[in-house]
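J.: Let me begin by handing over the structure; questions about it come next.
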Amino acid sequence: MADTVNFNEIRRGLNIEMDGDAYQIVDFKHVYMQQRAPTLTLKVRQLRTGKMFERNLPGSQRLTVAEVEESEAQYLYNDGSSFIFMDMDTFDQFPLTADQIGDQTKFLKEGENITIVAYKGEPVSIELATTVDLEVVDTPPAFKGDTASSGRKPATLATGAQVKVPMHVTVGQVVKVDTRTGEYLSLVN
């Protein structure tokens, strides 16, 4: 018997099962209206395809938690149409599309170990570490009078990701970035 959760136990990133497929909750809203039944609006991403959409459900409906397996894999390369990974236990290689990976593609480094999410034995998505260290490959120079607290400037990282960094950050430095929000956290020594 699969686990179920009610609206109080829902959180972003939870994998649920609906209509015979697995979905990841991207966002949710539970709405109470006077003299009406509560409703639950879910923004979900289908794990197999990466497609996003919203579902409205009765607020009291329990959701089934998707039984997914997680294993360690290594990101090898992008062949132009897919991202190729290798399972660290079996050494099998398999592709995932950019739609399946979502926004996390901009934080993937070749050779990096990540967590693969599989549903019914099929790899369907990845989970990155909360933070990743990436080298700054392009950013405008700081000018005299710019201080650490005077704002942020755009920077392009080694993976192509764009983030806002403090004015004192220069090309060649390594920065720590939050993979969930894409925000700069700190310099890495």
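J.: Accessible area per residue for the range 47-189 in Å², computed with a 1.4 Å probe and the full protein assembly in place, what is it? Intermediate results must be reported in sequence, preceding the final value.
T.: Working: 8010 Å² over 143 residues.
In whole numbers, the range 47-189 has 56 Å² accessible per residue.
J.: Which of the peptides 12-20, 118-126 is most tightly packed, and how do the rest follow, going by the mean number of other Cβ atoms within 10 Å of each residue?
T.: On the way: 12-20: 13.7, 118-126: 17.1.
By packing density, highest mean first, the sequence is 118-126, 12-20.
J.: Moving on. Relative contact order, percent, of the chain when contacts are C-alpha pairs under 8 Å separated by at least 6 residues? Mind dumping the intermediate values first?
T.: Details: 407 pairs, mean separation 26.4, N = 189.
After rounding, I find 14 percent.
J.: While we're on this one: I need the chymotrypsin sites (Phe, Trp or Tyr not before Pro) found in the range 45-100, filtered to DSSP loop residues with at most 14 other beta carbons within 10 Å of theirs. Don't skip to the end; give the middle numbers.
T.: On the way: sites: 53, 75, 77, 83, 85, 91; in loops: 91.
Sites meeting the loop and neighbour criteria: 91.
J.: Among rounded, prolate and oblate, which fits the range 57-159 when a ≥ b ≥ c are the square roots of the eigenvalues of its C-alpha gyration tensor, a/c under 1.5 means rounded, and a/b larger than b/c means prolate?
T.: Details: a/c = 2.98, a/b = 1.59, b/c = 1.88.
Oblate, because a/c is 1.5 or more while a/b does not exceed b/c.
J.: Now, a different point. Can you compute log10 of I(q)/I(0) for the range 1-62 with the Debye formula, treating each Cα as one identical point scatterer, at q = 0.21, 0.24 Å⁻¹?
T.: -0.83, -1.04
J.: Using the eigenvalues of the Cα gyration tensor, what equivalent ellipsoid semi-axes result for the chain when each is taken as the square root of five times the eigenvalue, whole Å, largest first? List each step's numbers first, then the result.
T.: On the way: eigenvalues 249, 120, 29 Å².
Gyration-tensor ellipsoid for the chain: 35, 25, 12 Å.
J.: Another one. Post the alpha-carbon centroid distance, the range 109-123 to the range 1-27, in whole angstrom.
T.: 20 Å
J.: OK, next. Under a Cβ-Cβ cut-off of 9 Å, what is the net charge of the residues other than residue 28 that fall near it, where Lys and Arg count +1 and Asp and Glu count -1? Please list the in-between numbers first.
T.: Details: positive: 11, 12, 29, 43; negative: 27.
Net charge around residue 28: +3.
J.: May I pose another question? For the range 27-42, just list the computed ³J(HN,Hα) in residue order, Karplus coefficients 6.51, -1.76 and 1.60, θ = phi - 60°, integers in Hz, with x standing in for Gly and Pro.
T.: Going residue by residue, I get 7, 8, 8, 9, 10, 9, 10, 4, 6, 9, 6, x, 10, 10, 9, 10 Hz, with x marking Gly and Pro.
J.: With the crude spin-label approximation of a point 7 Å out along Cα→Cβ, what separation in nm comes out for residue 6 versus residue 188?
T.: Output for this residue pair reads 4.4 nm.
J.: Same structure, new question: Share of the chain's accessible area from carbon and sulfur, percent, 1.4 Å? Spell out each step's value before the answer.
T.: Details: 5200 of 10950 Å².
Accessible surface attributable to carbon and sulfur in the chain totals 48 percent.
J.: Continuing with the same structure: Under a cut-off of 13 Å between alpha-carbon atoms, report the aspartates and glutamates in cross-link reach of residue 51, not counting same-chain residues fewer than 8 places apart.
T.: By straight Cα distance, residue 51 reaches 21, 99, 103.
J.: Amide H of residue 168: which non-local residues (sequence gap of 5 or more, or other chain) have their own amide H closer than 5 Å, using H built in the peptide plane?
T.: Amide H neighbours of residue 168: none.
The values are calculated or read from the model by the stated rules, or taken from the named source; none is laboratory data. Quick caveat: nothing in here was measured; it's all calculated off a predicted structure. As a convention, Cβ positions derive from the backbone with ideal geometry for all residues, glycine included, and neighbour counts pool all protein chains shown. Note: areas computed on protein heavy atoms with side chains; ligands, DNA, RNA excluded. Shrake-Rupley method; radii C 1.70, N 1.55, O 1.52, S 1.80 Å.
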